[in-house]
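**Q** This is the structure I have questions about; it appears just below.
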Amino acid sequence: MYLCLFLFPFFGFLVSGSFGRLFGKQGAAFIATFCVCCSCLCSFVAFYEVGLTSCPVTLSLFPWICVDVVESFWSISVDSLTAVMLVVITTISSLVHVYSISYIKDDPFLARFISYLSLFTFLMLSLVLADNYLQLFFGWEGVGLASFLLISFWSSRLQACKAATKAIIINRVGDVGLALALFCFILIFGSVEYSTIFSCSSKVAFCTFLFCQFKVDILSCIGVLLLIGASGKSAQIGLHTWLPDAIEGPTPVSALIHAATMVTAGVFVLARSSPILEFSPVVLFFVSLVGAFTAFFAATTGLVQNDLKRVIAYSTCSQLGYMVFASGLSQYALGVFHLSNHAFFKALLFLGAGCIIHAIKDEQDLRRIGGLAYLLPFTYSFILVGSLALVGFPFLTGFYSKDAILEFSLSNFSVTGGLCHWFGVISALFTSFYSFRLLVLGFLGYPNGFKSFYKNCHEAPLFIAVSLIPLGLGSLFIGFFCRELFLGAGTPFWANSIFIYPVRESIIEAECAPVILKQIPLFFTVMGAAVSFSFIYHNPIITYRFLFFNQMFRVFYTFLNQRWLFDRVYNESFAKAFLFFGHAISFRIVDKGALEILGPFGIVFIFPGLSKQLISLQSGRVYHNVLFIVYGLGFLLCSPLFYSSNGCFFLISVGCWIVFRVF
C-alpha cells in the first residue's frame, strides 16, 4: 500500500504526459485524477495505521548512492509527521486535479497540465517520504522544477515566464543552503540518514570547528543552513519575492503551490530537523525572528494590494511566518498543525478566487468588481468561510491553530516569545483588515465592473463545486476535531517524529494562561474587521482623501504597495551588477576578446598546419568526443600531478573546463 501511495501519482504523470493524445485530454485528465485520488485513500489508511495506532513504517527499496562510507538507500519512511503531510498533500492535490478538469477544460494542453500536477504531487511525496536528507533533496529540487513548469504553463504570457524564472532562481539561493547542510552531514556524521544524524546530534552539540580563524558551533552552522533552505521554499523575508508573483500561473497552480506542496516544504524540514535545532538556541532565536518579521511584513503589504490573488498570496506568506516562528519557539507540532489547517482554507480561498475570475472574464482587480454576493452566492459563502478561518474567527479551523500559536508565544516567558507574540497579534489585525477588505470590494460593495461582467456572470460548474465543498467542511471542522490529537497535553500522537528539549515545553503554561490574555488576538481581529468595514464600506471617500491630500500617507501607501521596495533593491543591487558582468566582462572581454584572440584569431594564424590537424580531429560526432574525454581522463589519472592536492585540483578544473567547452 505504501509503495502504491508513492507510485500512483507517478503513474498518472506517465500516462497523461506520454499517452495524452491516445486517451484524449479529458481521458488523460481523468486517469491522472483517479491515480491521485487512489493515493489520497492510501494516505488516509497510512494516517490511521501510523498516526492513530503508533506503528511507523520503513521500507528500503533499493540502494541509490554508495560512495566510500556514505550509503544512501531509496526508502519510504512513514511516521506521524509524514502521515500528516501525506493527508494534506494528497487531499489538496486530488481536489485541485478535480477542479482543473473543469477549470481549464477548453485548453488544448489540458493533459500536459494535469501531468505537471501529478509530477508535482509525486515529487512532494518523495520529499516527505524520504528517510534521508539526500532523498529529501531530490524531492526538494524536483518540486522547484515542477513549480517552474506549472507557473510558466501559459508560456505565451510574458509575465508568467518571468514569474517562473524568478521563482526558480530565488529558490536556487535557498537550495544552496540545504545543499551545504547536506555536505556538512556527510563531513561530520559520515551519513545522510535521519536515524544516524539525529541519534548523534547530541554528541556533537556545542562542538566547534575553525572557520577563518573563528570558532563556529557545528550544529548552529547546520541549523543556519537549514534555515536558509527553508526560507527559500517557504518564502521567508528576503527570499519571499517569488511567491506573490507565482500567481501568474493558472489558479489551480496557485492553490497547489500556496496550500499543500512547495511552500510547506520549508516548515516540514524545520520540524523534521528538530533534533538538530533543539541543541542550538541561537538558531531557534533566528528562526523565531525571521518568522515574526515575515508575518508582519506580508500582513502590512497585503493591506494595499488590489489584485485578488495577490492579496491571498501575501496572506500565505504571512501565515508561513506564523508556522516558522512557532518552530523557532520549539512548538513544531503547533507549526505543523497550523500548516495542515492552513492548507484547507487557503486552497478554498484560491479555488474560490478562480471561480470569481472564471465568472467575470478573467478580471482580478478588486477595484473593478463588486456586488457579486447576489450573483455568486455559492462562491461567496465559501470565500466567506475561508476568510473567517484565515482571520481566526472563533470555532473555525484557523482559530484553533493561529490563536494557539499566539498563546504559546506569550507563555514562552522570554524576550523572543514576547516579540513574536506582538508581531503576530499586529499581523492578525492587518490580516483581518485586508481579508474583510477583499469581501467588501469583491462581494458586498457597489458594482464597479463593466456591464458585460455581470451580464454573463455564472456560478461554478459541478466539478468545481465538488472541489470546494470538502475544503469548506475542512475549514469549518478540521481544527476542532484534530486539536486535542495534535496539541493535547500528553498526546502520544507525535511519538518520536518530533523532538522537543524538555525545558522548552510550554503546553501547561499556555493552557493555564489568563483568559484576558487569550482574548487579545480576538480583540485585534474584531478591531481590524471593524476598521475595514468603516473605511472601505461605509466611508470609502476618507481613504481617497488621505491618499490624495496627505503627503505622508501617500509615501507610506506607496512604500507598502511597492512591497517594501525589495524588488527594486534586488534589481538595482544584484541584477544590474550580474547583467553588467555577464555582458561587459564575461561575453565581450573573455568570450569575444581573450578567447578569440588566443583561439581563431591567434593560434590559427600562427600555427596553420597544427590548426588544420586539430580541426580534423573535431568531427562533431558524439562518440569521438567521448573517446577524447576518456583519453584525457586516463592522462590525468596517470599524471604525477594528480597525486598532489594542488595539482589534482588544477588538472580536474582544467578537464572540467575542456569538457564544458567541447559540449
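The values are calculated or read from the model by the stated rules, or taken from the named source; none is laboratory data. Just so it is clear, the model here is predicted, and its values are computed rather than measured. Don't worry about glycine lacking a Cβ; one is built from the backbone with ideal geometry, like all the others, and counts go over all protein chains shown.
**Q** Please give the number of the condition Tyr537 fails out of (1) surrounded by 13 or more Cβ atoms within 10 Å (Cβ to Cβ); (2) hydroxyl-bearing (Ser, Thr, Tyr); (3) within 27 Å of Leu406 (Cα to Cα).
**A** (3)
**Q** Same structure again: How many residues are outside any strand (DSSP E or B) and exposed (fewer than 13 other Cβ atoms within 10 Å of the Cβ) when one looks only at the stretch 56-78? Write out each step before concluding.
**A** Narrowing the stretch 56-78 to residues outside any strand (DSSP E or B): 56, 68-69.
Filter again for exposed (fewer than 13 other Cβ atoms within 10 Å of the Cβ), leaving 68-69.
Qualifying residue count for the region: 2.
**Q** Would you say Gly51 is of a type outside the set (A, V, I, L, M, F, W, C), in a helix (DSSP H, G or I), modelled with pLDDT under 90 and over 25 Å from the mean Cα position of the chain (by Cα)?
**A** When the stated conditions are applied, Gly51 does not pass them.
**Q** I would also like to ask the following. Out of the helices (runs of 4 or more DSSP H) lying entirely within the stretch 398-494, which hold 1 or more residues that are closer than 22 Å to Gln319 by Cα? I'd like the intermediate steps shown before the answer.
**A** Working: elements: 415-439, 451-455, 462-487.
Passing ranges, in order: 415-439, 462-487.
**Q** Restricting to the stretch 210-256, name every residue that is among the aromatic types (Phe, Trp, Tyr) and closer than 30 Å to Thr300 by Cβ.
**A** Scanning the stretch 210-256 gives a single hit, Trp242.
**Q** Next up: All but one of (1) out of contact with any Gly (no Cβ under 6 Å at 6 or more places or on another chain); (2) of a type in the set (Phe, Trp, Tyr); (3) in contact (Cβ under 8 Å) with a residue 60 or more places away in the chain hold for Phe481; which doesn't?
**A** Condition (3) is where Phe481 drops out.
**Q** Give me the residue from the stretch 147-160 that is in a helix (DSSP H, G or I) and surrounded by fewer than 17 Cβ atoms within 10 Å (Cβ to Cβ) and, out of that set, farthest from the chain's Cα centre (by Cα).
**A** Restricting to residues being in a helix (DSSP H, G or I) and surrounded by fewer than 17 Cβ atoms within 10 Å (Cβ to Cβ), the top hit is Leu158.
**Q** Something else about it: Which of the helices (runs of 4 or more DSSP H) contained wholly in the stretch 513-568 include at least 3 residues that are more than 34 Å from the chain's Cα centre (by Cα) and closer than 24 Å to Gly370 by Cα?
**A** Answer list for the stretch 513-568: 540-549.
**Q** Being within 18 Å of Met527 (Cα to Cα) and either buried (at least 22 other Cβ atoms within 10 Å of the Cβ) or touching a strand residue (DSSP E or B) at 6+ places or on another chain (Cβ under 7 Å) (or both) is the requirement here; does Phe382 meet it?
**A** Here the answer is no, as Phe382 does not meet what is asked.
**Q** What residue, of Leu320, Leu225, Leu303, Leu270, is surrounded by fewer than 24 Cβ atoms within 10 Å (Cβ to Cβ) and modelled with pLDDT of 90 or more?
**A** Exactly one residue qualifies, and that residue is Leu225.
**Q** When Leu388 is evaluated against the numbered criteria (1) touching a helix residue (DSSP H, G or I) at 6+ places or on another chain (Cβ under 6 Å); (2) at pLDDT 90 or above, which criterion, by number, is the only one it fails?
**A** Going through (1) touching a helix residue (DSSP H, G or I) at 6+ places or on another chain (Cβ under 6 Å); (2) at pLDDT 90 or above one by one, Leu388 breaks only (1).
**Q** Continuing with the same structure: Ser330 versus (1) buried (at least 24 other Cβ atoms within 10 Å of the Cβ); (2) assigned to a helix (DSSP H, G or I): which is the lone unmet condition?
**A** (2)
**Q** Further, regarding this structure: Looking only at residues in the stretch 100-146 that are under 19 Å from the mean Cα position of the chain (by Cα) and β-branched (Val, Ile, Thr), which one is farthest from Gly352 (Cα to Cα)? Walk me through it before giving the result.
**A** Going through the stretch 100-146, the residues under 19 Å from the mean Cα position of the chain (by Cα) turn out to be 116-130, 133-146.
Cutting the leftovers down to β-branched (Val, Ile, Thr) gives us 121, 128, 143.
Details: Thr121: 21, Val128: 28, Val143: 24 Å.
Here the answer is Val128.
**Q** Another question, if that's okay. Which residues, counting only those in the stretch 375-424, are under 26 Å from Ala465 (Cα atoms), in contact with a Ser or Thr (Cβ under 8 Å, 6 or more places away or on another chain) and aromatic (Phe, Trp, Tyr)?
**A** The one that is under 26 Å from Ala465 (Cα atoms), in contact with a Ser or Thr (Cβ under 8 Å, 6 or more places away or on another chain) and aromatic (Phe, Trp, Tyr): Phe393.
**Q** Which one is farthest from Phe481 (Cα to Cα), of the residues in the stretch 60-87 that are in contact (Cβ under 8 Å) with a residue 24 or more places away in the chain and of a type in the set (Gly, Ala, Ser)?
**A** Going through the qualifying residues, I end up with Ser72.
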